[in-house]
Amino acid sequence: MNKSVYASPDQVSETKRHILTVLVDNEPGVLARVIGMFSGRGYNIDSLNVAEVSNDENISRITIVTHGTSEVVSQIEKQLLRIVPVHSVTNLDQEGSSVEAEVALVYIYISDTNKKKVYQLCDLYRARKIENENNTTIFEIAGASERVNRFIKEINKITKVEIVRSGPVAISSIQKN
Amino acid sequence: MNNEITGAEIVLKSLAEQGVEVVFGYPGGAVLPIYDTLFKQNSIKHVLVRQEGGAIHAAEGYARSTGKTGVVLVTSGPGATNVVTGLTDAMMDSVPIVCITGQVPQHLIGSDAFQECDTTGITRPCTKHNYLVKDVNKLSSVFHEAFTIAQNGRPGPVLIDIPKDVQFASGTYEEKNKIIIPSHRLFEPSPDFEKNKIEEAVQLISKAKKPIFYIGGGCINSGPKASTLVREFINMVGSPVTMTLMGLGVVGSSDKNSLGMLGMHGMYEANMAMHECDVMINIGARFDDRVTGRLDAFSPNSKKIHIDIDESNINKTINVDVPIIGDVKQVVEKMIEVWKEKKFKIDDHAIKLWWEKINKWKEVDCLNYNNKGNQIKPQHAVQRLYELTKNTKTFITTEVGQHQMWAAQFYKFEEPNRWLTSGGLGTMGYGFPAAIGAQVGHPDALVVDIAGDASILMNIQEMSTAVQYRLPVKIFILNNEYMGMVRQWQELLHGGRYSESYTDSLPDFVKLAESYKAVGLRAKTTDELDDVITQMIETKNTVIADIWVTKEENCFPMIQSGSAHNEMMLSKDQKQDKKSAEKGKILV
């Protein structure tokens with residue numbers, strides 16, 4: 001729970017996955033400030049996603065998936081808020097309910113023997129084939145990370161694949177007025 | 001356009017509007033336009049140091065002794081990398097600094113140009129914020145924001161990197177009051193700053209039977225008024241108070257409630273009281289590991305109140321019961337109000353018993369040392385320095401090591417801002433340039449750097465600066481020919497194998513001083529000591545006083561690494577048990 005070199009105090013809660021949404025001024029170096037805080041203080045980044053959000057050009061939304069005890073994650077939130085261009089930090093797990101999704105692109109090594117199985121599986125998971133000029137088999141699957149994990153696990157049993165994943169993005173689903 | 005001025009002129013104009021009187025710096029290729037503009041004006045004074053590391057420590061000393069923001073001006077590449085230690089030091093000890101670095105012109109950035117380095121990349125983790133200014137029209141707003149950020153909330157260093165072409169380019173200047181800084185970029189306390197938390201805290205204090213105030217550097221950063229209020233509140237409660245290394249001077253040493261410093265080399269009574277208290281009131285301190293010792297044994301039976309302007313300090317290493325986020329001055333003012341309003345009173349009988357207990361601990365006389373013989377004990381040297389300077393307006397700076405702890409233990413501070421030491425980072429070489437900065441800010445005061453023979457050599461080149469500007473800084477070296485604190489740890493934890501901690505081939509400090517046209521003095525025995533100190537004070541020139549002290553003296557009392565507050569070592573004979581000593585060895 002603490003970063004001191006001395007022994008830690010007794011109460012330590014269990015390690016859990018947390019999704020943090022960080023709104024930042026879109027200025028040079030801001031991403032380096034955020035991820036530098038994680039590496040410098042020894043926190044974990046499981047995945048990271050950054051993009052400008054269209055309704056305000058000057059603000060970017062960073063989604064970070066991390067894991068740690070609630071004490072560690074609370075420290076992470078406070079350390080993020082010290083960074084000058086950071087507007088707000090929201091821990092979606094503490095917000096209550098949220099929805100999350102990610103996108104994976106999967107290059108599938110396909111042959112006559114496995115073709116049928118592959119298409120069946122992709123159909124089952126509603127993965128969409130992306131047409132491309134070389135006519136190779138590339139599928140796109142979107143949804144919760146666990147669903148993507150399951151798909152990848154199963155397709156791996158059938159054939160060799162190459163995968164790229166965006167990492168999850170998430171948003172609070174609480175009603176706002 | 002008529003209103004346009006060059007980037008370099010905007011830099012100077014911004015500094016002038018911010019009320020900057022002095023800049024500590026060192027010129028070089030990438031800042032020549034700024035130095036050229038500096039040459040053409042008279043309102044801002046420049047102090048030329050001899051290495052950039054000296055400039056930033058001097059700015060720290062200036063800032064901490066005056067309460068103003070210290071300003072540094074250095075070139076690109078090595079100029080910038082040389083200030084990294086000082087930036088980190090200022091970050092750890094919350095010192096407001098604005099550091100201007102030159103950068104190669106924009107078309108060369110990224111080409112590994114001569115004296116190019118990624119300054120904003122290197123300094124990102126050791127500044128509160130930094131900028132690379134690519135547009136001359138943004139320069140003035142960046143400067144005004146930088147000064148605000150450096151001073152706002154928990155103060156700290158801010159760096160502005162300016163490519164050379166931006167210094168030459170023409171642009172418009174915007175005045176300070178025209179700049180609007182978005183509120184998320186600053187610390188802003190909530191308007192009623194947690195009034196119910198304040199009431200909860202005050203009530204908790206009123207019910208305490210064994211309270212203790214634990215005061216840190218945040219009280220000093222909050223301004224002199226904060227110290228006055230803290231003293232007033234402690235007097236109203238009648239509670240004992242202990243201070244961290246950074247907090248010395250907030251409550252006067254002679255104050256009847258003061259137990260002196262706590263922590264690794266703190267007072268026995270202060271640490272015991274922290275261990276046994278039932279309510280701890282932390283004001284502007286951050287539960288540093290030098291203070292807490294072993295965390296799982298830290299003040300096990302107390303309710304803890306923590307007042308801090310930086311929320312990330314709350315529950316970082318120690319869980320607290322009543323956190324209050326805010327500026328010390330405002331929070332304590334409110335606490336006094338509530339205390340008076342609700343006519344709170346502490347249990348007199350309980351406090352009397354608490355003081356009786358504390359007075360018993362005081363009888364241990366933890367700072368006692370054997371002062372026999374004609375050889376000078378380092379503790380004695382600091383005591384004599386105190387006695388002979390206590391009636392003069394004196395600023396004390398230190399380097400890092402045994403001498404620093406002896407200075408903290410034996411020099412008695414009655415006021416805030418008079419004690420300048422590198423606490424968080426522990427930077428050897430801090431004290432002398434910091435003393436130069438303090439002397440620049442207080443030309444008529446006595447400024448003494450209590451130094452060790454090893455530390456002083458880390459920035460000895462600044463002798464030249466001190467002499468050039470006729471700064472009568474006094475360097476008081478406790479010379480034992482060792483890196484004393486390293487040697488002490490080697491004695492206690494590494495079987496007395498003094499690996500590389502003996503400083504062979506030390507210079508003759510008297511001749512060294514003379515070679516810079518300063519004054520060198522030496523005391524070899526106790527009967528020479530007072531004369532040397534008196535002569536040092538009376539000399540209106542830079543002085544090195546080389547005080548030969550006993551070589552293998554240890555700094556006690558001591559909480560060894562991995563031990564708790566109630567497991568203090570009072571002398572060498574009282575060895576730690578072997579098992580916890582082994583465990584402590586891996587700690588710092």
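Every number here is computed from the coordinates shown, using simple stated rules; none is lab data. Since this is a predicted model, take the numbers as computed values, not measurements. As a convention, Cβ positions derive from the backbone with ideal geometry for all residues, glycine included, and neighbour counts pool all protein chains shown.
A compact table of results
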read-out: Stokes-Einstein D in µm²/s, Kirkwood radius over Cα pairs - the range B:65-125 at 25 °C with 0.890 mPa s viscosity; value: 197 µm²/s
read-out: Lysines whose Cα lies under 21 Å from that of residue A:16, excluding same-chain neighbours fewer than 8 positions away; value: A:3, A:78, B:316
read-out: Whole-percent pair-distance distribution, where bins are 10 Å wide, for the alpha carbons of the range B:416-466; value: 25, 57, 18
read-out: Radius of gyration, Dmax [the range A:16-95; alpha carbons; angstrom]; value: 11.8, 34
read-out: For the protein assembly as shown, calculated [θ]222 nm from helices alone, where every DSSP H run of n ≥ 4 adds -39500 (n - 2.57); value: -10500 deg cm²/dmol
read-out: Contact order normalised by residue count of the range A:98-172, Cα under 8 Å, 6+ apart, percent; value: 53 percent
read-out: Largest-first principal axis extents of the Cα set of the range B:383-454 (Å); value: 29, 26, 22
read-out: Pairs from B:329/B:393; B:40/B:164; B:362/B:474 whose Cα-Cα separation, in the structure shown, is over 22 Å; value: B:329/B:393; B:362/B:474
read-out: Directionally averaged shadow of the range A:86-169, computed from the convex hull of its alpha-carbon atoms, nm²; value: 7.4 nm²
read-out: Relative frequency of Cα-Cα separations exceeding 18 Å in the range B:202-292, percent; value: 36 percent
read-out: Rounded to 5, percent antiparallel among DSSP beta bridges of chain B; value: 5 percent
read-out: Cross-link partners of residue B:334 among lysines (Cα-Cα below 23 Å; sequence separation of 8 or more within a chain); value: B:195, B:197, B:207, B:209, B:210, B:225, B:303, B:304, B:342, B:343, B:345
read-out: Rg/Rh for the protein assembly as shown, where both radii come from Cα atoms and Rh is the Kirkwood radius; value: 1.02
read-out: Computed Rg/Rh of chain A, alpha carbon atoms with Kirkwood Rh; value: 1.06
read-out: Cα centroid of the range B:255-328 to Cα centroid of the range B:142-203, whole Å; value: 29 Å
read-out: Cα principal axis extents for the range B:5-174, largest first, Å; value: 38, 32, 30
read-out: Antiparallel content of DSSP bridges confined to the protein assembly as shown, in %, to 5; value: 40 percent
read-out: Whole-number D in µm²/s for chain B (Stokes-Einstein; Kirkwood sum over Cα pairs; 4 °C, 1.567 mPa s); value: 52 µm²/s
read-out: Partner lysines for residue A:117 [C-alpha distance under 22 Å; skip if fewer than 8 residues away on the same chain]; value: A:129, A:153, A:157, A:160
read-out: Dipole moment magnitude, nearest 20 debye, the range B:432-564 about Cα centre, only Lys, Arg, Asp, Glu C-beta charged; value: 300 debye
read-out: Cα long-axis angle, helix A:30-40 against chain A (0 to 90 degrees, to the nearest 10); value: 80 degrees
read-out: Contour minus Cα-Cα distance for residue B:510 and residue B:40 (0.36 nm per residue); value: 165.3 nm
read-out: Among beta bridges that DSSP assigns inside the range B:378-548, antiparallel share in %, nearest 5; value: 5 percent
read-out: Theoretical gain in end-to-end length, residue A:144 to residue A:130 [0.36 nm per residue, Cα-Cα removed]; value: 3.1 nm
read-out: Euclidean distance of C-alpha centroids, the range B:15-53 and the range B:363-438, integer Å; value: 32 Å
read-out: Extension gain, residue B:180 back to residue B:552 (0.36 nm per residue minus Cα-Cα distance, nm); value: 128.1 nm
